[in-house]
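Report on one structure; see the data block that follows.
The values are calculated or read from the model by the stated rules, or taken from the named source; none is laboratory data. Not measured: the values here are computed from a predicted model. So basically every Cβ, Gly included, is an ideal-geometry build from the backbone, and we count neighbours across all protein chains shown. In case anyone asks, the SASA skips ligands and DNA or RNA and just uses the protein heavy atoms, side chains included. Shrake-Rupley method; radii C 1.70, N 1.55, O 1.52, S 1.80 Å.
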Amino acid sequence: MSTAGKSSGIGGQAVLEGIMMKNQDVYSVGVRKPDGEIEVHLSTYEGIGSRKLKKIPIVRGVVSFVDSLVLGMKCLTFSASFYDEEEAQPSKADVAVQKLFGERAEKVVMGITVAFSIVMAVAIFMILPYFAAALLRNVIVSDTVLAVIEGAIRLLLFIGYVLLISLMKDIQRVFQYHGAEHKCINCVENGLELNVENVRKSSKHHKRCGTSFMLIVMVVSIIFFIFIRVDSPILRVVFRVALVPVIAGVSYEFIRLAGNTDNKLVGILSRPGMWLQALTTKEPDDSMIEVAIAAVEAVFDWRAWQGREIEEAPEQEKEAQKTEEEPEQEKEAQKTEEEPEQKKEVQETEEAPEQKEEPREIGEILEQKEEPREIEEVLEEKA
């Protein structure tokens, strides 16, 4: 069954020494522990919003973006727990939060962390480029040109950020696991059997990658701000913040389309994002691929999706029938081998009496030859 160009629907994220894979509401986190063993944690995450909300175009993109941040942070925390050198003592703030929120403390802290991350991302990649481009307003009159310059600054900031964090050894390994995640999904979606050899030769670039999503966000923001113009500087900032969810939703729809079609135009538009993935994905080693495979198989039946179970069923029946026939064939072969032996034994049995008669005939002849000697001896004695 051909699955080329068909989206499997699974997605993932690289974590510390591992990979998270998600299939609908079920997700797994595969981590290579310090002792070398693979730990796979399986759980469910329904996310925010109802199922109906997640089916509305644009809106589902915003929901998916927030869900990915929350779940990603949760999985990063889980993977990092295996590499804590020593159990840290809780700070006064941790104790206060625990007393205040009780069992909900972890969720509250996670929510605050995600909210802070979103605020910082908007400030660095949306507001800062606007003010940087605004410095050229006295020189450049065209709002269109300023919008393009703002987008270019935004892109340079993102590339600079990725290059800066890639200098860290741990992040380099995260990028390798990111490559293993892409390779596994590509291997499955190209109809190949999911094993280390096939994953190794699969591409480390994927159309539905978060890196491509970030690039599309920047491009869409340029288009939005070219057509949405206001004279007030304050309103310009407000619009840039308010339109972040809409821009994210539109970008999500494009990424979703790119992952589900082989349209040439969509493929061409997806190439810049694939090129940018060269910064965030690196070639993994076999041990990383093994972790990725374990994470995929925990949440996704790739054999059934590829139709291998249907194709393999007749083969299995044929093998079973062959196994049943083998004893019969061996029995017939043994019988065939025994027949000449049996014939030989019968022939020897028939020939046996003839062979026994020969000594008797010779004996009789010898006895006949000895009789004259006995008469001569008697005559000599008489003489």
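Remarks
- Residue match in the stretch 164-178 (condition: in contact with an Asp or Glu (Cβ under 6 Å, 6 or more places away or on another chain) and either more than 30 Å from Asp286 (Cβ to Cβ) or in contact (Cβ under 8 Å) with a residue 12 or more places away in the chain (or both)): no
- Residue count for the stretch 149-201 under the criterion of being part of a loop (DSSP other than H, G, I, E, B), in contact with a helix residue (DSSP H, G or I) (Cβ under 7 Å, 6 or more places away or on another chain) and closer than 20 Å to Ala304 by Cα: the result is 3.
- Ala258 at pLDDT 95 or above and open to solvent by less than 20 Å² (accessible area, probe 1.4 Å): no
- Taking the stretch 126-135 as the range and being surrounded by 14 or more Cβ atoms within 10 Å (Cβ to Cβ), of a type in the set (A, V, I, L, M, F, W, C) and either in contact with a Leu (Cβ under 6 Å, 6 or more places away or on another chain) or without any contact (Cβ under 8 Å) to a residue 40 or more places away in the chain (or both) as the test, the residues that pass are Leu128, Ala132, Ala133.
- Checked against (1) out of contact with any helix residue (DSSP H, G or I) (no Cβ under 9 Å at 6 or more places or on another chain); (2) among the charged types (D, E, K, R); (3) touching a residue at least 40 places away in the same chain (Cβ under 8 Å), Asp143 passes all but condition (1).
- Residues that are assigned to a helix (DSSP H, G or I), farther than 21 Å from Cys209 by Cβ, at pLDDT 95 or above and among the small types (Gly, Ala, Ser) occur at least once in the stretch 280-293.
- Test: Asp94 is open to solvent by less than 70 Å² (accessible area, probe 1.4 Å) and acidic (Asp, Glu): no
- Scan of the stretch 217-232 for residues that are in a helix (DSSP H, G or I) and among the β-branched types (Val, Ile, Thr), ordered by number: Val217, Val219, Val220, Ile222, Ile223, Ile226
- Of all residues in the stretch 146-164, those that are of a type outside the set (Phe, Trp, Tyr) and open to solvent by less than 40 Å² (accessible area, probe 1.4 Å) total 7.
- Residue-level check: of (1) of a type in the set (Phe, Trp, Tyr); (2) in a strand (DSSP E or B); (3) open to solvent by 40 Å² or more (accessible area, probe 1.4 Å), Phe65 misses just (2).
- Of all residues in the stretch 197-251 being among the hydroxyl-bearing types (Ser, Thr, Tyr) and open to solvent by less than 20 Å² (accessible area, probe 1.4 Å), the one that is nearest to Ala180 (Cα to Cα): Ser202
- Residue selection: Met168 fails the criterion of being farther than 25 Å from Val230 by Cα and surrounded by 15 or more Cβ atoms within 10 Å (Cβ to Cβ).
- Those residues of the stretch 41-62 which are touching a strand residue (DSSP E or B) at 6+ places or on another chain (Cβ under 7 Å) and open to solvent by less than 60 Å² (accessible area, probe 1.4 Å), in sequence order: Ser43, Tyr45
- When the stretch 261-287 is filtered for residues that are farther than 20 Å from Leu167 by Cβ and crowded, with 24+ Cβ neighbours inside 10 Å, the ones remaining, listed by number, are Ser270, Gly273.
- Some residue of the stretch 321-330 being among the hydroxyl-bearing types (Ser, Thr, Tyr), under 22 Å from the mean Cα position of the chain (by Cα) and either exposed (fewer than 10 other Cβ atoms within 10 Å of the Cβ) or at pLDDT 95 or above (or both): no
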